[in-house]
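Take a look at the structure set out below.
The values are calculated or read from the model by the stated rules, or taken from the named source; none is laboratory data. Just so we're clear, the structure is a prediction, and the values are computed from it rather than from any experiment. Using ideal geometry, Cβ is built from the backbone for each residue, glycine included, and neighbour counts are taken over all protein chains shown. The accessibility values were calculated without ligands, DNA or RNA, using every heavy atom of the protein model including side chains. Shrake-Rupley method; radii C 1.70, N 1.55, O 1.52, S 1.80 Å.
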Amino acid sequence: MRKKIAVLPGDGIGPEVMHEAIKVLDATAKKHSLDFNYEYADVGGTAHDKHGTALPDKTLQVCKSSDAILFGSVGGPKWDNLPKEKKIERSSLLALRKYFGFYANLRPAILYPQIVNISPIKGISLNGFDIMVVRELSGDAYFGNSILEEDWASDEMKYTKQQCRRIAKIAFEIAMKRKKHVTCVDKSNVLSSSIFFRNSVTEVSKTYPDVKMDCMYIDNATMQIIKRPMDFDVIVTTNLFGDILSDEAAMLTGSIGMLPSVSLNENGFGLYEPAGGSAPDIAGKGIANPIAQILCAALMLRYSFNMEKPASSIEGAVKKILEDGYRTKDIIETGMKEVGTKEMGNLIAEKIK
Ligand code: NAD
């Protein structure tokens, strides 16, 4: 069946890496007899310059009529001084998250054994690791009552049962397809919202008897993820802790240019974007790593289209190319072959064919 994909390349390296992701999707479609219909739309600073808004109506319509959103990245120094309500990320990406009600952010952090030497913890994790951070996106201090006065300030951390249960369910469903292990990360020795979150996750765990569940405080989790990352499978956590923990896990993999992410809503509709930003320091130089954007395409096939085999074939091709010694600048080591954005895309697409 034909799948319609809203393609929003955005700013900086966005269009460069998106070009390679589409190339790889085309190769995958050919190999597995799939039919993708891409509809391109402007977003971010590029859209602001052309249409006076970072999220034009036309772009929203394209997203609404699609089966999934493949997003590049937005922002850059050119637009840094816009007023608060026009800030690029806030008025495009956050607006999309809000509009579609994305509540679950899945962030795989995978250290491939092939590039273990570029990880800051190379001595610890010689065989690599594969962690999925499931971050709750709709509650916590980001959406509670926020007060900033001259002499005091406060942020409310609020969660409802429904918010906790639905994110827990996502985590357990994902764990069922992986190593069947969920770690709930919170601060329930101090925070009521964390006690509530942990209790809700524990309740949901009872409906997944095949999945092992354990709990960890966030301060300990930040240490254990460095000390023994290979012992984690799925981590489920609240919005604020997830924000921090997913970046920590990302850094352990050596480069943010390798990591995809997805935000999902209640209907399984998803926005797929690389973990990194628009990388203005390397934009236009043809050296950005396209693997994060390419792996976004693989995640889209898996989570939005239920196409496990084609998704695995993209991931397999990425691993093979790394095994063959090809590296973009951000993951280069001595003795390896340095390639640019386009060449990396070509190599992965060729491997799929
Ligand atoms: P960044 O992720 O863009 O860059 C941080 C570092 O990582 C840079 O050195 C960059 O060169 C490198 N990097 C990122 N992606 C890479 C890739 N694919 N290949 C190789 N190297 C890569 O973060 P930043 O510098 O804090 O932000 C730059 C701009 O991006 C800002 O305007 C920020 O608001 C925006 N941003 C957008 C998103 C998004 O669109 N989701 C996310 C984060 C930041």
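Using a simple spin-label model with pseudo-atoms 7 Å out from Cα toward Cβ, Arg178 and Asp281 lie 2.9 nm apart. FRET efficiency for the His51 to Thr222 pair, using the beta carbon distance and R₀ = 51 Å, is estimated at 0.75. Inter-label distance, Thr334 to Met230: 2.6 nm, where each label sits 7 Å from its Cα along the C-beta direction.
Accessible surface for segment 265-353, divided over its residues, is 42 Å² per residue with a 1.4 Å probe.
The distance between label points at Glu149 and Lys320 comes to 6.4 nm (points 7 Å beyond Cα on the Cα→Cβ vector). Over every Cα atom in the chain, the radius of gyration and the widest Cα-Cα span, Dmax, amount to 20.0, 63 Å.
Relative to its Kirkwood radius, the Cα radius of gyration of segment 120-252 gives an Rg/Rh of 1.00.
Between Lys30 and Asn199, full extension at 0.36 nm per residue minus the direct alpha carbon distance yields a gain of 56.1 nm.
At a 1.4 Å probe, what is the % contribution of carbon and sulfur to the accessible area of segment 52-180?
51
Computed over segment 264-344, the range of Cα coordinates on each principal axis works out to 45, 29, 17 Å, biggest value leading. With contacts taken as Cα pairs under 8 Å and at least 6 residues apart, the chain reaches a relative contact order of 23 percent. The amide H of Ile5, built 1.01 Å from its N in the peptide plane, has Asn37, Tyr38, Glu39, Asp67 as neighbours under 5 Å, considering only residues 5 or more places off or on other chains.
Under 14 Å from a point placed 7 Å out from the Cα of Lys122 along the Cα-to-Cβ direction: which residues of segment 252-275 have their backbone N that close? Only 253-255 pass the distance filter. Value of Rg to Rh for segment 91-138, rounded to two decimals, is 1.23; Kirkwood radius and Rg both from alpha-carbon coordinates. Taking Lys122 as the anchor, which lysines have their alpha carbon closer than 28 Å to its alpha carbon, excluding any fewer than eight residues away along the same chain? Leaving aside lysines fewer than 8 places away in the same chain, those within reach of Lys122 are Lys177, Lys179, Lys180, Lys212, Lys227, Lys319, Lys320, Lys329, Lys337, Lys351.
Electrostatic bookkeeping for Gly123 treats Lys and Arg as +1 and Asp and Glu as -1; over the other residues with beta carbon under 13 Å from its beta carbon, the sum is +3.
Computed from backbone phi, the HN-Hα couplings of segment 283-293 come to 4, x, 9, x, 10, 5, 7, x, 5, 4, 5 Hz, rounded to whole numbers (Karplus: 6.51 cos²θ - 1.76 cosθ + 1.60, θ = phi - 60°; Gly and Pro given as x).
In plain terms, if you count all Cα to Cα distances in segment 1-47 and split them into 10 Å steps from zero, the share in each step is 26, 49, 21, 4 percent.
Carbon-plus-sulfur fraction of the accessible area of segment 305-353, 1.4 Å probe, in percent?
Its accessible area is 48 percent carbon and sulfur atoms.
Counting only protein heavy atoms and a 1.4 Å probe, segment 120-252 has 50 square angstrom of accessible area per residue.
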